[in-house]
1. Note the full-extension length gain between C190 and A130 as 0.36 nm times their separation in residues minus their Cα-Cα distance, in nm to one decimal.
2. Round to the nearest 0.05 the FRET efficiency obtained for A171 and A222 when R0 = 30 Å and r is the Cβ-Cβ distance.
3. Ignoring everything except DSSP H segments at least 4 long, calculate the 222 nm mean residue ellipticity for the chain; use -39,500 (n - 2.57) per segment, divide by total residues, nearest 500.
4. Could you size up the charge dipole of the range 144-279 around its Cα centre, putting +1 on the beta carbon of Lys and Arg and -1 on that of Asp and Glu, and report it in debye to the nearest 20?
5. For helix 175-192, what angle does its Cα long axis make with the longest principal axis of the chain, in degrees from 0 to 90 and rounded to 10?
6. Return the Cα extents of the chain along principal axes one, two and three, sorted largest first, each rounded to a whole Å.
7. Please report, to two decimal places, log10 I(q)/I(0) for the range 135-185 at q = 0.17, 0.18, 0.23, 0.26 Å⁻¹ as given by the Debye formula with identical point scatterers on the Cα atoms and no solvent.
8. What does a probe at A50 reach in the range 17-40, counting residues whose amide N is under 20 Å from the point 7 Å along Cα→Cβ?
Amino acid sequence: MRFDRVVIVDWSGRSSRSPKAACKDAIWLGVCEAGREVQTYHRSRAEAEALLRGLLQEGGHQLIGFDFPMGYPAGLAERLTGTASARALHAWIAAQIEDAADNANNRFAVAARINRHLGLDGPFWGCPKARPMAFLSSLKEVDYAALRLAEKRRVEIENPPAKPVWQLLGAGSVGSQALLGIPVVHRLACTFDAAVWPFEPRGALTLAEVYPSLLARAVTAAGDSIPDRAQVRLLARALWRLAQRDQLDPLFQTPEIAAEEGWILGAGHVAALEEALEW
């Protein structure tokens with residue numbers, strides 16, 4: 001399938017609005033389509049979701065990549081929802097998460113609720129030390145074997161330094177971004193009948209997990225003072241160029257476990273992505 005537009009979203013788990021001046025560690029969107037590349041900065045998740053809705057309303061063939069995990073290690077979905085379905089887990093998380101227009105949210109409370117449901121202080125960890133919570137440790141004190149859950153998804157094992165989805169706070173953590181991003185993916189998918197890959201076959205509108213750090217060398221070489229901006233620009237460009245040459249199919253091939261755990265689009269295909277940037 002040839003996508004006419006590729007959008008890459010660098011997400012954020014902030015609990016307050018980002019600064020007025022564009023900065024790193026905030027939300028950035030990179031759009032690439034014929035004759036147009038643009039990157040936009042957003043101070044809140046609500047603002048970013050509004051822009052994404054506007055883009056999806058335009059229809060056509062669009063690939064939207066989100067820089068956070070869309071799935072969890074095998075077993076969690078069934079234990080929370082009764083079915084081993086990532087989409088069912090998405091709906092469950094969306095019903096639990098409260099995320100205000102100013103980025104105030106209840107992600108730590110939801111993580112603690114899941115830990116309590118599973119009966120131990122895990123699998124999530126990483127609450128602020130100044131705000132201790134029952135059933136959620138500020139430190140990694142989790143026995144994953146006892147929980148009967150893996151610490152990492154297969155895609156993270158095969159693609160270091162991708163971080164486990166359970167860590168909510170600290171350098172490189174992605175757990176908060178996932179808890180606050182999955183509800184957005186769920187709403188967009190339901191509203192626009194978009195496919196959420198790899199849980200569903202890709203369609204005209206496809207939402208997928210990406211990891212812009214796959215292009216770390218190119219991002220460093222770009223010398224942008226805000227690496228997040230360079231990441232969304234370059235990954236959107238690489239995927240769009242591959243799409244125009246009908247060379248995306250190999251990136252959509254995944255192992256069987258991806259149907260429950262999810263997968264990073266482009267994992268294992270760094271060379272192809274880097275080569276596309278040279279065209």
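1. On the way: separation 60, 0.36 × 60 = 21.60 nm, distance 3.75 nm.
Length gained between C190 and A130: 17.9 nm.
2. On the way: r = 22 Å, r/R0 = 0.73.
That gives a FRET efficiency of 0.85.
3. Numbers: 11 runs with 105 residues, N = 279.
About -11000 deg cm²/dmol.
4. Numbers: 13 positive and 16 negative charges, 63 e Å.
Here the range 144-279 has a charge dipole of around 300 debye.
5. Helix 175-192 sits roughly 60 degrees off the main axis of the chain.
6. 52, 43, 35
7. One equal scatterer on each Cα of the range 135-185 leads to -0.60, -0.67, -1.04, -1.19.
8. 17-23, 26-31, 39-40
Read the figures in this text as sums done on the coordinates, not as results from a lab. Because the structure is predicted, anything quoted here is derived from the model rather than measured. Using ideal geometry, Cβ is built from the backbone for each residue, glycine included, and neighbour counts are taken over all protein chains shown.
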